[in-house]
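Single-structure report; data block below.
Bear in mind these aren't lab numbers, they're just calculated from the coordinates by the rules spelled out. Every value quoted in this text rests on a predicted model; they were computed, and no experiment measured them. Here the Cβ is made from the backbone with ideal geometry for all residues, glycine too, and neighbour counts use every protein chain on show.
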Amino acid sequence: MRKDIMGVTFDDVTLAEAAAAGETLAAGPGFAYVVTPNPEIVNLARRAEDYRQVLNGAALVLPDGIGVVHAARILGTPLQGRVPGIDFATALVARLAQSGGRLFLLGAKPGVAEQAGENLRRQYPGLTICGTHHGYFQDSGPVVQAIRAARADVVFVCLGAPKQEYWMAQQGPATGAHLMVGLGGVLDVYAGNVKRAPALWQKLGLEWCYRLLHQPSRIGRMAKLPLFLVEAAGEKRKRGRA
Ligand code: UDP
């Protein structure tokens, strides 16, 4: 059963459970997409009903940010923990390298997806990167065709939020891919352009702080996070009265 955190319904799963579910979807006959909302994304969804529906329509809704986990606890519907999008993606890559599934990388500035693919292939011998495309296109048609021609099973869609979630829901079925995952800036990390926080910072739930120190321009976006928790407390009081 999913847990409603400020209007977005999250799957209460561990990373291992999420990766196993992702592998099953990737090998299945249909089309599904996975979203990895952080508080910023949940806030966007609170202002746009159609975006909220796109998020809740995903086959898996994974709690990417520690802020979502804190809000869940405040609301009295705790989640087992954070499932960072990048950890889910990496676990899926490891499984695809074993199963022979075909991965397409979409997004980021020109050249980044190619570099990310090279690095992943080096780290996971046997991985098939069946195609790449940058994320700064106007017309989706040729991109859909490229994914279809590459016979991709899985596509990492890294266009930033909310663009990537709308894109997966709207364009995904026409690509012939079985699974799409919306992953924000993950290709920049795989390409080696952006460093992830060291493991200890991640364990302490301080990845956001590390990111802020290295990309101070994110301060405006992040300043809204404490407010998110205050609003979760307000929501809890409202639910208590209802
Ligand atoms: N991006 C893109 N097309 C766009 C806008 C953004 O491919 O039209 C890429 C951008 O280059 C970056 C990613 O989307 O690689 C978004 O990164 P951000 O750090 O904002 O995402 P987050 O991880 O915070 O969701």
GNM, the chain, Cα, under 10 Å: largest mean-square fluctuation among Met222, Met180, Met168? Met222
Compute the Kirkwood hydrodynamic radius of region 69-187, taking the inverse of the mean of 1/r over all pairs of distinct Cα atoms, and give it in Å to one decimal. 14.9
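Per the Kirkwood definition applied to all pairs of different Cα atoms, how many angstroms is the hydrodynamic radius of region 165-235?
Evaluated on region 165-235, it is 15.0 Å.
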Calculate I(q)/I(0) for region 1-66 by the Debye formula, one identical point scatterer on each C-alpha and no solvent, and give its log10 at q = 0.11, 0.15, 0.26 Å⁻¹ to two decimals. -0.25, -0.46, -1.15
May I ask for the net charge around Ala16, where only other residues with Cβ less than 14 Å from the Cβ of Ala16 are counted and Lys, Arg are +1 while Asp, Glu are -1? -3
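Determine the calculated [θ] at 222 nm for the chain from helices alone, applying -39500 (n - 2.57) to every DSSP H run no shorter than 4 residues and normalising by the residue count; nearest 500 deg cm²/dmol.
So the calculated ellipticity at 222 nm is -15500 deg cm²/dmol.
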What residues of region 1-33 lie in the reach of a label at Leu227, counting those whose backbone N is under 19 Å from a point 7 Å from the Cα along Cα→Cβ? 6-8
Taking region 22-117 and dividing mean pair separation by its residue count, relative contact order in percent (alpha carbons under 8 Å, at least six apart): 24
Quick one: compute the contact order of region 128-239, relative version, from alpha carbon pairs under 8 angstrom and 6+ residues apart, as a percent. 19
In region 145-242, chymotrypsin sites (Phe, Trp or Tyr not before Pro) in a DSSP loop with at most 10 other beta-carbon atoms within 10 Å: none
Expressed in nm to one decimal, what extension gain is obtained for the pair Arg237 and Lys109 from 0.36 nm per residue of sequence separation less their Cα-Cα distance? 41.7 nm
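Where the eigenvalues come from the Cα gyration tensor of region 1-131, what are the semi-axes √(5λ) of the equivalent ellipsoid, largest first, in whole Å?
Three semi-axes, in Å: 28, 16, 14.
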Set the Förster radius R0 to 35 Å, insert the Cβ-Cβ distance between Gln202 and Asp139 as r into 1/(1 + (r/R0)^6), and round the FRET efficiency to 0.05. 0.40
Largest first and in whole Å, give the semi-axes of the chain's equivalent ellipsoid, each being the square root of 5 times a Cα gyration tensor eigenvalue. 29, 20, 17
On each of the three principal axes the extent of the alpha-carbon atoms of region 32-85, given in whole Å and largest first, is 26, 24, 16
Once R0 is set to 41 Å, what does the formula 1/(1 + (r/R0)^6) return for the Cβ-Cβ distance between Arg148 and Arg218, expressed as a FRET efficiency to the nearest 0.05? 0.70
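Can you sort Leu212, Leu106 by how many other beta carbons sit within 10 Å, fewest first? Please report the intermediate quantities before stating the final value.
Working: Leu212 16, Leu106 27.
Exposure proxy ranking, most exposed first: Leu212, Leu106.
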Given a cut-off of under 8 Å on Cα pairs at least six residues apart, what relative contact order in percent is computed for the chain? 23
Per-residue Cβ contact counts at 10 Å, fewest first, order Glu114, Glu40, Glu165 as Glu114, Glu40, Glu165
State the Cα centre-to-centre distance between region 175-192 and region 155-169 in whole Å. 9
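Can you run the Rg to Rh ratio on region 107-162? Use alpha carbon positions and the Kirkwood inverse-distance Rh. Mind dumping the intermediate values first?
Details: Rg = 11.6 Å, Rh = 12.1 Å.
Radius of gyration over Kirkwood radius for region 107-162 works out to 0.96.
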